[in-house]
Amino acid sequence: MKIEGEHVFKGPRQAVWEMFRDPEVLASAMPGTQSLKKIDDQHYEGMMNVRIGPVSGSFAGQLTVSNENLPESCTLTVDGRGAAGFAKGVGNVHFFENGESTTLMKYDGEVTIGGTLASVGQRMIDSVSKSMIKSAFETLDKALEARLAAKSGNTPIEFKPPTEAEFAKNVAKDMAGGLTNVAEVRMLLYIVPVALLFLIVALIARGCGG
Amino acid sequence: MAGKYFGQPILRNEDAQLLSGKARFIDDIDLPGMLHAAFLRSDFAHARIKKIDYSAALKRSGVVAVYTAEDFGDFWRPGPLQVPPPTAIKGSVFNARTLVPIAKDKVRFSGEPLAVIIAESRYIAEDAFDDIIVEIEPLDAVNDLEKALEPGAPLVHEDLDSNLAADVVQERGNYEEARAKADVVISRKILVNRNAGAALENRGFVVEWEERSRQMTVWATTQAPIPLRNTIAARMGLFENQVRVITPFIGGGFGPKIMTSQADDVLLPWIAMKLKRPIKWIEDRRENFLATTSERDQVHYAEIALTKEGTILGVKDVFYHNTGAYDPYGMTVPLNTQTHTVSNYRVPNFYTQIKMVFTNQMVVTPVRGAGRPQGVFVMERLMDAAARELNMDPAEIRMKNLLIPDEFPLRTGIIGQDFVEGVLDSGNYKKNLEKTMEIVGYEKFRKEIQPKLRAEGKHVGIGIVTFTEGTAVGPYEGARVTIGANGKVNVATGISTQGQGHFTSFAQIVAEQVGIDVKDINVVTGDTAHFHWGAGTFASRGAAVAGSAIHNAAVKVREKIFSLASKIFEEPEENLEVGDGKVWVKSNPSQSMLLGDLALRANPTRGTIEPGVEPGLEATAYYGPPYGATGAGAVAMIVNLDPETMQVKVEHFVIVHDCGTAINPMILEGQVYGGISMGIGNAFYEKMVYDDNGQLLSASFMDYLMPQATDMPAKMELGHLVTTTPLNTLGIKGVGEAGAIPTPAAFVQAVEDALHGQVEIMESNLNPSRIFEYLQKKQ
C-alpha cells in the first residue's frame, strides 16, 4: 500500500529536527515502544510490545536511512517482523522551511505487509494508519510546544505522552465512533502494529530531514 | 420408481441428534492425557529458510515438544500423488511436485507450516509461536498465471525449468478446418476467480496410539477415510487393520476435505507414537483460508466458430490453470473443465489445452463444482457473445445447439478426471431448457415485464444458461447390510458424510428391499472398522456409487430372507412377502416370522449348515461404473440492479435439473439450494484475493463474504426432470454440485442484461465496485 501525507509543525526546522533526534520523544509518540536505538547515523533498531485488543507480542524493526540530502530529503527503509506478521516499507521524506517559524514535512512511501496483518487487516490498514499518524502528530505537537517553552525560559508546559491504552482507544474511536467494546471493532486493532511501523517511517523521517 | 420408502421425502434420521446438540463433532473428542498441536506457519509466500531456533519455546512451561522438518529425519518426504497423472492422454506433460508435510529449506506459500508445537493446551502451543526465531530470506513470489510462465520468472520449484506443472492438449475433429468454414468467429479472454470451500466446520485431526494393543485410532474430518487410513498405515509401517479412521459428524466438506497427506495427518501420528500420548489439532478459520486447499483460478483464451444461423462449428479453448505451490491432486480440476466446456452442446470440433501453472499460493484441489463451473462459464459466455453478434436471443441460440436424446450415449472424445473417454449416457437437455423458460415465464418477461419495468427506470435483467454435471465416477464403493437379532438393520459403507443426509437416503434404499422402517436402519459411514474398502465422498458420487453398492447388498439380503424363510415355512419363495419387519406366507399371513428371529435362525450355533450357505442375514456388495453418469439442467434468474449502489438482488431463480431417480426429493432439494447459495456466493460475494507477494488478503469472514439468507433469491423454484441413467440399477445420477455449476454464468448474463447490454463482462466474480468500474470504463 502507498502512504503519503504532510504535517506542519509550529516550530523552526532546527527545533523540530532536535526533537526527532531524541529517541525518547519518538518512543512517546508510539506507546508500546520498548526501545528505539540509534545504531549509527544511518541505522536504527526498535522493539515494540504490542498489547492492544486481540494482538499481543513483540515486534522488532530495523530502519535504514539513505540518500541523505540534508536538510531537505532522505529515503527510509523499514523492515519489521513480529508475531502478527511482517512489514517492509520504503519512504521518501521532504522537509521544508515554511515561514513564520513553522516547518512543513511531506512524506510518501510504499509498504508491503504479510502474515496476519495482511490476511486479516489489509482492508482497514489504510484508514487506521492514517488515524494513528494523526494521533501521533498530536502528541508530537504537544512535545514540540513543551520543548520550545522550556527553551525560551517561559513557564514550562507539562508534556505527558498518552499511555498505550489511551492511544489505542483514540485510534479505535477515530475508526468506529467509540464502539470499542464491539468485537468487530476490536478486530480493527489487529492492524495497529503495522500502523506503528508506518509511524516509525514517518517520524524518523523527520529526524533525518533536520 | 418410488416405493414405500425409496423416493419419498422422509425426514432425516440424523436431525434429532444434530438439532438438539447431541451430535459428536471432532472438537468434542477429549481423551485422557491428550496434548494439543499448533502449526507455526510462514508469513512469507516464497522464501528460503535459513534457520529455525525453537530452543526458547521448549523452555516455556506446558510445551512438550517442538519439531521442524529436520527433526523428522527420513520420515520427512514429499507426499504421495493423490490422483495419478493423465497418462491416458497422449503427449501430455505432467510435472509431479507433491505437497511436503512441513517446509524444508524453502517456503512455497504463505501459511506453509514451519514448525509444529505440542503442548498441554492449544493456548500454550500458540503462545510458543513467539519463542521461535525463524531466519528467512524472502524471495520474489509468483502469482500471475501468465507471467509465471515467462522466461526469468522466479521458480516455485527450482529443479524445474519453468513453473509449468502440466500441458495437456485434447482435440476432437479439427478445429482449424471448422474455423476456416465459419461465418463468425468470436474470441474472448475469460477469467474465473478463486473461491474457498469455506465449510462451517474447519478441519480437525485427533490421533491416539495405544502402545499395548499396537492400535492407532484417528478421528478426522476427512471426505476420504479409507485412503487416509491406507496412507497413514503405509507411512507408519503398520497393517491397515492397525489403523482405525473414524469420521464423526462433519460440518460440511465441499471438496477440500478430500485432500490427505498434509501436515496434520502425516506428522501427528508419528509424534503421537513418539510421545505415547493422544494429540488433537483443530484448525482455526485463518489456517483454513491460508492452508486448506481451494479452487477455481483460471485464465481462458477461448474462441467459438459458428455459421451465420448460429450453429456451432467448433470451439477452441487454451487456458491457464493455477495449481498452487504443489500439484498432489493431479489434474482432476482442469480435466473437469475440459470435459464440461462443451458437454451440453453439439460441438463437432473442439480443441482444448491446459497449461497448469505453479504459483506461490495454496494448493488447488476440487471445491464443489471442481472445474465444471469454469468450463460452463466459458462456454456460456461464448454463447452469449455469439448471440449478441448474430442478433439472436440467448435462449434461442442455446436451443439450436443443445444435444438431443437420440444422440445418447455420446462418446465425447475427451478424457476426463476418471481417465476414460467421457460418455454422455442419457438426458433431455432441450426439455430442461424448455421447462426452465416456462417456469420463469421467459417470453413474457422479455416481451412484457422487462420493457415495462425498464420504462419505470428499473434495471432488471434475465440470465438463462444450461449445464451438465459429470458425476458418479468410479472406481467403486462397497457396503455391508446386516439384519440384527433386534430386527433392525445395520448398513456400513466406506464413504464419509459431511451433511448430505446419507443416514436417511441410504436407509431408504435398504428399507425398500428388506421391509424394515427407515428409523430402524442404522447407517455407518466413515469408520474403517465397520467397512474398509472404498475411495471416498467426492465428484457427487455418494448416492449413485455407494448407494448402488448398498442397493446391491440389500437385494442380496432380501434374497437370503426369502431363501431361508422358504425352507422354514416350506413354501416356495414366490409365495412369501416381506414388510413391516417380518416375512409371511401370502396366502396365510398368520404364518409369519419377525426378521430379527429369522436373523437368529440364519446364524446357527450348533448342528450343520448346507454347503455354500453364508451365515446371517448379511451381505456385502460392490458397485463400480465403467464411466460417470452425467446429470444436466438449466437455470434462469432475474436480477434487479440498483443503479446507485450497484447492489444486485436476485428476484427470481429457477433451476430445472435432471439427476435421474431421486432417493429423497426433500434432501435433493436441500442439496440443490445449498449449491445455488454457493453459486451466488461465487458470483457476487466470495473471492480469495492474493496480492503480488502471495499474501492472501481475504483470510477472514470480514473480507471473504459468504452469502447470507438475505442474499438468496426472493423467489426460488425447482423443477425436476427424471432421465434415469442406464449405468446403475437405481438410475441415479449425482446432484451435489448442480446448483454451484451454472449460477455464476447465469448471474453475469443477467447483470449484463440489467445494464441493457452496455458492458460485456468476462469474469466470474462481480461485486458492486467491480460493476461500477465496468460502467466507468464504458463512459
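Read-outs: derived from the displayed coordinates by stated rules, not from any lab. Since the structure is predicted, the reported quantities are computational estimates derived from the model, not experimental observations. Don't worry about glycine lacking a Cβ; one is built from the backbone with ideal geometry, like all the others, and counts go over all protein chains shown.
Details
- Förster radius 51 Å - calculated FRET efficiency between B:ALA714 and A:GLU138 (Cβ-Cβ, nearest 0.05): 0.55
- Radius of gyration, Dmax [segment B:90-163; alpha carbons; angstrom]: 16.9, 54
- Inter-label distance, nm, simple model (7 Å from Cα along the C-beta direction), B:ASN174/B:PHE701: 5.7
- Given +1 at the Cβ of Lys and Arg, -1 at the Cβ of Asp and Glu and no other charges, the dipole of the protein assembly as shown around its Cα centre is 860 debye to the nearest 20.
- Averaged over peptide A:109-117, the number of partner chain Cβ atoms lying within 10 Å of each residue's Cβ comes to 4.
- Helix screen, chain B: DSSP H segments with Cα axial length of 15 Å or more and mean Kyte-Doolittle hydropathy at least 0.0 are B:225-236, B:263-275, B:502-514, B:547-569, B:665-684, B:743-754.
- Computed from backbone phi with θ = phi - 60° and the Karplus coefficients 6.51, -1.76 and 1.60, the 3J(HN,Hα) list for segment B:27-36 is 6, 7, 7, 9, 10, x, x, 6, 9, 10 Hz; x is used for glycine and proline.
- Dipole of chain B, positive direction: furthest Cα of B:THR605, B:SER590, B:TRP76, with charges on the beta-carbon: B:SER590
- Segment B:576-631 shape via C-alpha gyration tensor axes, a/c threshold 1.5: oblate
- Listed values for segment B:724-732 are Karplus-derived 3J(HN,Hα) couplings in whole Hz (6.51 cos²θ - 1.76 cosθ + 1.60, θ = phi - 60°), namely 5, 8, x, 7, 9, 4, 7, x, 8, and x replaces Gly and Pro.
- Residue-averaged beta-carbon neighbours from other chains (10 angstrom radius) around B:690-698: 5
- Taking θ as phi - 60° and the Karplus parameters 6.51, -1.76 and 1.60, the scalar couplings of segment A:92-97 work out to 10, 10, 10, 9, 10, 5 Hz in sequence order, x denoting glycine and proline.
- Cα-based shape type of chain B, given that a ≥ b ≥ c are square roots of the gyration tensor eigenvalues and the cut on a/c is 1.5: oblate
- Net dipole in debye of segment B:339-402 [+1 Lys, Arg Cβ; -1 Asp, Glu Cβ; about Cα centre; nearest 20]: 220
- Computed helical MRE - 222 nm, the protein assembly as shown, DSSP H runs ≥ 4 contributing -39500 (n - 2.57), nearest 500: -9000 deg cm²/dmol
- Over all Cα atoms in segment B:198-291, the spread is summed up by Rg and Dmax: 12.8, 40 Å.
- Look at the alpha carbon pairs under 8 Å that are at least 6 residues apart: their mean separation over the length of segment B:290-379 gives a relative contact order of 40 percent.
- Only Lys, Arg (+1) and Asp, Glu (-1) charged, at Cβ; segment B:622-779 dipole about Cα centre in debye: 340
- Among beta bridges that DSSP assigns inside the protein assembly as shown, antiparallel share in %, nearest 5: 85
- Of every Cα-Cα pair in segment B:23-66, the percent that sits beyond 11 Å: 79
- Prolate/oblate/rounded call for segment B:18-157, Cα gyration tensor, a/c under 1.5 rounded: oblate
- Per-residue average of Cβ from other chains inside 10 Å of A:141-147: 0
- Antiparallel bridge percentage (DSSP; both residues within chain B; nearest 5): 80
- Computed over the alpha-carbon pairs of segment B:405-525, the distance histogram in 10 Å steps reads 10, 22, 19, 24, 16, 7, 1, 0 percent, short to long.
- Amide H contacts of B:LYS582 (H built 1.01 Å from N, in plane; Pro and chain starts excluded): B:LEU595 sit under 5 Å, all sequence-distant by 5 or more or on other chains.
- Computed with the Debye formula from one identical point scatterer per Cα of the protein assembly as shown, without solvent, the log10 of I(q)/I(0) at q = 0.05 Å⁻¹ comes to -0.36.
- Farthest toward positive dipole pole in segment B:396-491 [+1 Lys/Arg, -1 Asp/Glu at C-beta], among B:VAL491, B:ASN432, B:GLY416: B:ASN432
- Local electrostatic count, B:VAL364, Cβ distance below 12 Å [Lys/Arg +1, Asp/Glu -1]: -1
- Close amide H pairs (under 5 Å, H built 1.01 Å from N) link B:VAL64 with B:ILE118, B:ALA119, B:GLU120, residues at least 5 positions away or on another chain.
- Panel note: the C-alpha atoms of segment B:474-623, placed on their principal axes, show extents of 47, 29, 24 Å (largest first).
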